[in-house]
Amino acid sequence: MTRDVAQAVPEPEAEPVAPDVLDSLLNTPVTRGGAGVAVWRIETATVGDEELEVARQWLDEGERQQASSYVRAELRRAYEIAHAAARLVVGAVVDSPPEKVVWGRHPCPGCGEPHGRPRAEGAGVEFSLSHTPGQVLVAVADAAVGVDVERHPDDPVALAKLLHPRELEEIEAAAHGLLDGGRASVRFTRAWARTEAYLKGIGIGLGRDPHLDYLGTDAAPRRRLGEWTVRDVVVPEGYGAALALLS
Ligand SMILES: CC(C)(COP(=O)(O)OP(=O)(O)OC[C@H]1O[C@@H](n2cnc3c(N)ncnc32)[C@H](O)[C@@H]1OP(=O)(O)O)[C@@H](O)C(=O)NCCC(=O)NCCS
């Protein structure tokens, strides 16, 4: 894994990704068009208790243990919905019922251990998932992919210290009213979601310091970063999201 700092080139005229909305885990037919990547969004409040109870039965032992380790109910619920939805969409793509999908991991590009990008055994597709209270995203693609959704933070300037120094500068300037083009919390969430999607796409996650790469806090909905295309994903007010695709 190179330690070189990556510098994204924004493409302001591009369109963000508009995900398909998954209204139900039980009744929605999930199909995938011909494009190289498909993204689904689930609003966790739309998933009913009975529906979730059925979908929970799809989870494997590891997922059940992980779910039960969350103390906060909203985190546990978002995790369960994300994993059920990933089983549903990955299963639909490879023509398998959700409970038959077997998860594995790619090797980590940092250390070679099996904790890199998640994978579905024998599926021949790449996928990524992200969950935060209220929102879940699942992406399925023909190439390595990372997706991330985040809620706007209360204190974006404090958190921005984790980001690239230029991103920190932009967020501080926005917080002091010195930069147009987005409030500090919007700018923070853009940069964080773009960075995390990129690091999840690579498969190293936060094993690579998020202050190394400059993805930017501007409104341009697409950017190139080496071999990666990083696109913003349309999510409701109060959230930010991004998708990174090896292309
Ligand atoms: C991946 C990571 C950024 C996710 O953070 P998050 O914002 O809390 O969670 P999200 O909901 O957006 O994404 C979680 C999903 O990312 C995926 N994921 C986990 N590790 C991943 C990795 N290395 N690469 C790509 N995706 C990964 C999993 O599907 C995970 O789902 P789960 O937690 O429900 O099982 C973070 O968990 C991480 O960086 N982990 C690895 C850190 C590390 O130090 N690794 C060692 C390197 S040697």
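Can you go through R187, R151, R194 and tell me which one is in contact with a Phe, Trp or Tyr (Cβ under 6 Å, 6 or more places away or on another chain) and among the basic types (K, R)?
Working: R187 fails: in contact with a Phe, Trp or Tyr (Cβ under 6 Å, 6 or more places away or on another chain); R194 fails: in contact with a Phe, Trp or Tyr (Cβ under 6 Å, 6 or more places away or on another chain).
Sole residue among the options that is in contact with a Phe, Trp or Tyr (Cβ under 6 Å, 6 or more places away or on another chain) and among the basic types (K, R): R151.
Looking at the range 66-75, can you tell me whether even one residue there is of a type outside the set (K, R), surrounded by 14 or more Cβ atoms within 10 Å (Cβ to Cβ), within 17 Å of the chain's Cα centre (by Cα) and within 15 Å of the ligand (Cβ to nearest atom)?
Yes - at least one qualifying residue is present in the range 66-75.
Please count how many residues of the range 76-103 are assigned to a helix (DSSP H, G or I) and either within 15 Å of the ligand (Cβ to nearest atom) or in contact with a helix residue (DSSP H, G or I) (Cβ under 8 Å, 6 or more places away or on another chain) (or both).
Of the residues in the range 76-103, 19 are assigned to a helix (DSSP H, G or I) and either within 15 Å of the ligand (Cβ to nearest atom) or in contact with a helix residue (DSSP H, G or I) (Cβ under 8 Å, 6 or more places away or on another chain) (or both).
Output yes when any residue across the range 170-179 is at pLDDT 95 or above, crowded, with 19+ Cβ neighbours inside 10 Å and within 16 Å of the ligand (Cβ to nearest atom), and no when none is.
Among the residues of the range 170-179, not one is at pLDDT 95 or above, crowded, with 19+ Cβ neighbours inside 10 Å and within 16 Å of the ligand (Cβ to nearest atom), which makes the answer no.
If you take the residues of the range 76-92 that are of a type outside the set (A, V, I, L, M) and in contact with a Pro (Cβ under 9 Å, 6 or more places away or on another chain), which of them is surrounded by the fewest Cβ atoms within 10 Å (Cβ to Cβ)?
The extreme case among them is G91.
For residues in the range 111-143 being touching a Phe, Trp or Tyr at 6+ places or on another chain (Cβ under 9 Å) and either among the basic types (K, R) or near the ligand (Cβ under 9 Å from one of its atoms) (or both), which is nearest to R208 (Cα to Cα)?
R117
A quick yes/no check of all residues on (1) over 21 Å from E13 (Cβ atoms); (2) away from the ligand (no atom under 16 Å from the Cβ); (3) of a type outside the set (D, E, K, R):
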{"position": "G182", "(1), (2), (3)": "no, yes, yes"}
{"position": "R190", "(1), (2), (3)": "no, no, no"}
{"position": "A193", "(1), (2), (3)": "no, no, yes"}
{"position": "G207", "(1), (2), (3)": "yes, no, yes"}
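The values are calculated or read from the model by the stated rules, or taken from the named source; none is laboratory data. The structure presented is a predicted model; accordingly, all values stated were derived computationally and were not measured. Ideal geometry is used to build each Cβ from the backbone, glycine not excepted, and the neighbour counts take in all protein chains shown.
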